[in-house]
Protein chains: 4
Amino acid sequence: MPTVRERVDTGRTEAFSDGVFAIAVTLLVLEISVPEDAFDNLWRGIADQWPSYLAYFTSFSTVGGLWLAHHAILRRMRYADSTVIRLNLLLLMAVAFLPFPTSLVAEAINRTSAERPAVLFYGASLLVTTALITAIGRYAGARTELLREGVPAGDVLAVASVTAPSLGFYAVVLLLAALAPVVAAFGFLGVGLLAVLRARGDTAGEPGG
Amino acid sequence: MPTVRERVDTGRTEAFSDGVFAIAVTLLVLEISVPEDAFDNLWRGIADQWPSYLAYFTSFSTVGGLWLAHHAILRRMRYADSTVIRLNLLLLMAVAFLPFPTSLVAEAINRTSAERPAVLFYGASLLVTTALITAIGRYAGARTELLREGVPAGDVLAVASVTAPSLGFYAVVLLLAALAPVVAAFGFLGVGLLAVLRARGDTAGEPGG
Amino acid sequence: MPTVRERVDTGRTEAFSDGVFAIAVTLLVLEISVPEDAFDNLWRGIADQWPSYLAYFTSFSTVGGLWLAHHAILRRMRYADSTVIRLNLLLLMAVAFLPFPTSLVAEAINRTSAERPAVLFYGASLLVTTALITAIGRYAGARTELLREGVPAGDVLAVASVTAPSLGFYAVVLLLAALAPVVAAFGFLGVGLLAVLRARGDTAGEPGG
Amino acid sequence: MPTVRERVDTGRTEAFSDGVFAIAVTLLVLEISVPEDAFDNLWRGIADQWPSYLAYFTSFSTVGGLWLAHHAILRRMRYADSTVIRLNLLLLMAVAFLPFPTSLVAEAINRTSAERPAVLFYGASLLVTTALITAIGRYAGARTELLREGVPAGDVLAVASVTAPSLGFYAVVLLLAALAPVVAAFGFLGVGLLAVLRARGDTAGEPGG
């Protein structure tokens, strides 16, 4: 059990995390551009950037799903102990890192030699972020002293159980990526969209909480 | 009617959305620069960037108007259900995408072959973001169980009715863009400014809400 | 007098403005880099970037001072009417634009032909942002119905009177810039620092307000 | 003792600071990329970016630790006087500057002539940010009139005493950097991680504070 000295309230942790989530998804667009020499046939030049749109859409959905889970966990918590704070910093570091593998995969698709490593590296990054949010949910759900009054531990574990299956999906799609990288890239989009679609709201929602 | 499990309070949704809106408008400036070889006649070099200023001003006004409408809708809501959350993520994805078509249109103006597709692509992006905020307003306005006590549904629909006409204006200017792309680029600025000028405040404003 | 329909509470306006202020100052650093060929004598390469540091320091101080004045004005307000909202959007647009003239001045210093226009353009941008915050303070200070209970109008005008003198200083330094651009660049730093040093806090501070 | 006029509540100071912290850590990733010619052997190309990962990880940990200390100090404060506000602006300026020395060190590692100055410059930047947060903690801890009711001055000084030892560590590692720059680069990572691991929470935590 954490000592009182190790407790931190969750208000500013949420504010800082929201900032990192919001900036990470917004920076993704900086990687998209149409090369100068495609301006003569710009419709085609815009269409040729499809790997960038795919990567943008995938990373945005994934971070959107992470943010929903993060919000659902943290608003059920009264305090964050040192472990939660450090896991959260690791999560934010992984989220803020995502624009790099995202741009890498966007550039590498359709280049035979680079496609596979880029997709594997990208998928592994998505897997790590999802593992970290799942770990935070599991950890907090097992410690009722961190939760707000009246929030059952099962409630937080239920949130974590929404993100956990994505880990399995990522593992499967990573195996697929070794054979068919481009198909796997679409697979990661599917996992991200599924996480957003499965995300649920709150049972004990006070307005403005 | 949404079940209780699907409800999410709007506080952190607003914080996350504010972050994405603020970053998207701020990133727009990164696309503006004066090429090295224009430094010998820098006043002219600065003036020659007018398409960049036009695009910056247009996107900033448009996102400013979206933010006003977003704020007016969300502060009248008590809960966001799963549909609102997903529509909001789509809206944020569209807003965070805007720096790309903005920089494209700034580069393409005055290049005969690229002007038309760039302006059409840009206008379509503005149309999509406006359609999404209108959809959120319409959806929430039709569900009184999502609204704060004492907020009439008509109030939210009135906010949405401020953004809806922009859809018609965008459609008209997009048609115009096929004939006269540069004129249409100024037209998009007009639609954005009009949305800001037509935006209205709150009837039931509690301070600090 | 504004009708009730035109009122907007200031909470989310502050959040959105804080986001834009924070991002604008942080993006300033992206313009600073040491060219590849200066790596052989890196200490010198780092030192040679002094115009970039000067521009960074100046813009950061100026935006810091604007933020202090913005905060001092908005926390004394109960409502923002349509005029305040639009003036605030104009202010944010000017603040978010600053990284462009900042990088321009950093590049142009020490290039004979480009120095003068770059410094004048930069100074004019700083002047515009300061004029806009002064206008917001003057406007709100003259309308007691926008202020929180117990806040005398003179209080807000006193905040605006801290920023107003900077307008005169900028005008003087802009004249100087026509003769001695580099001296004027240091002058803008002086005006920014002075605004931060003259900024005052709150007379009626509730904690957490 | 500060006069009432000089007091500023800490709420918006925290929001603005959180924004700058969040953006500074997120911008760090923009410096990481794999050069085009490494796409033929992309695994190796990804691995070769290790100095970038080291610099990213080090700067992220350092800013994470600073943020923890900043939060711990400011939430114990009732008011920020003019000195705190100006020290805080200096701190934010130093934090927002970090992406520049971070990218410099990432580029310079493994280049014999550039390694040492880049590591020294980077370490000095980390030292300055840590000195500024320590100064804020020391200053506030010595002025009980700035603290919330019931917060003993010793409590804030205890937070500052967590960051102070890092100053000594940085001094030692900077000496080491003159002899073995790459070893020192790992040393800075160690100092940052240690600060995060030593960070403590709150004794008087109200939820949502």
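Computed from the coordinates by the stated procedures, all read-outs in this text should not be read as laboratory data. If you're wondering where the values come from, they're calculated on a predicted model, not measured in any experiment. With ideal geometry, Cβ positions are generated from the backbone for all residues, glycine too; neighbour counts draw on all protein chains shown.
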Quick one: helix A:50-74 against the long Cα principal axis of chain A, what's the angle to the nearest 10°, folded into 0 to 90?
0
The helix D:112-141 Cα axis meets the longest alpha-carbon principal axis of chain D at an angle in degrees, between 0 and 90 and rounded to 10, of 10
Scoring only Lys, Arg, Asp and Glu (+1, +1, -1, -1) among other residues with Cβ under 15 Å from the Cβ of residue A:119 yields 0
May I ask for log10 I(q)/I(0) of segment A:9-198 at q = 0.10 Å⁻¹, from a Debye sum over the Cα atoms as equal point scatterers with solvent left out?
-0.43
At residue D:144, label 7 Å along Cα→Cβ: distances to the other copies, nm, ascending?
4.0, 4.0, 5.6
Quick one: label points 7 angstrom along Cα→Cβ at residue D:35, distances to the other copies in nm, smallest first?
1.8, 1.8, 2.6
GNM top mover of D:161, D:17, D:113 - chain D, alpha-carbon springs below 10 Å
D:113
If one computes P(r) from the Cα atoms of the protein assembly as shown, what percent of pairs lie at distances over 51 Å?
10
Helix B:82-97 versus the longest principal axis of chain B: what angle, 0 to 90°, nearest 10, using Cα atoms?
10
State, as an integer percentage, the relative contact order of chain C based on alpha-carbon contacts under 8 Å between residues 6 or more apart.
27
Along Cα→Cβ at 7 Å, what distances in nm separate the residue A:110 label point from those on the other copies, shortest first?
3.0, 3.0, 4.2
Relative contact order (%) - criterion: Cα under 8 Å, at least six apart; region: segment C:1-107
51
Near the amide H of residue B:80, under 5 Å away, which other amide H atoms are found, from residues 5 or more places off or on another chain, if H is placed in the peptide plane?
B:8, B:9, B:10
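Taking the Cα centre as origin and putting +1 on Lys and Arg beta-carbons and -1 on Asp and Glu beta-carbons, what dipole magnitude results for the protein assembly as shown, to the nearest 20 debye? Mind dumping the intermediate values first?
On the way: 60 positive and 68 negative charges, 394 e Å.
Dipole about the Cα centre, nearest 20: 1900 debye.
Sum up the charges of everything whose Cβ sits under 9 Å from the Cβ of residue B:148, counting Lys and Arg as +1 and Asp and Glu as -1, but leave residue B:148 out. The partial results should precede the final answer.
Numbers: positive: B:75, B:76, B:78; negative: B:149.
Summing Lys/Arg as +1 and Asp/Glu as -1 gives +2.
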Could you calculate, for segment A:36-95, the ratio of the Cα radius of gyration to the Kirkwood radius, expressed as Rg to Rh?
1.30
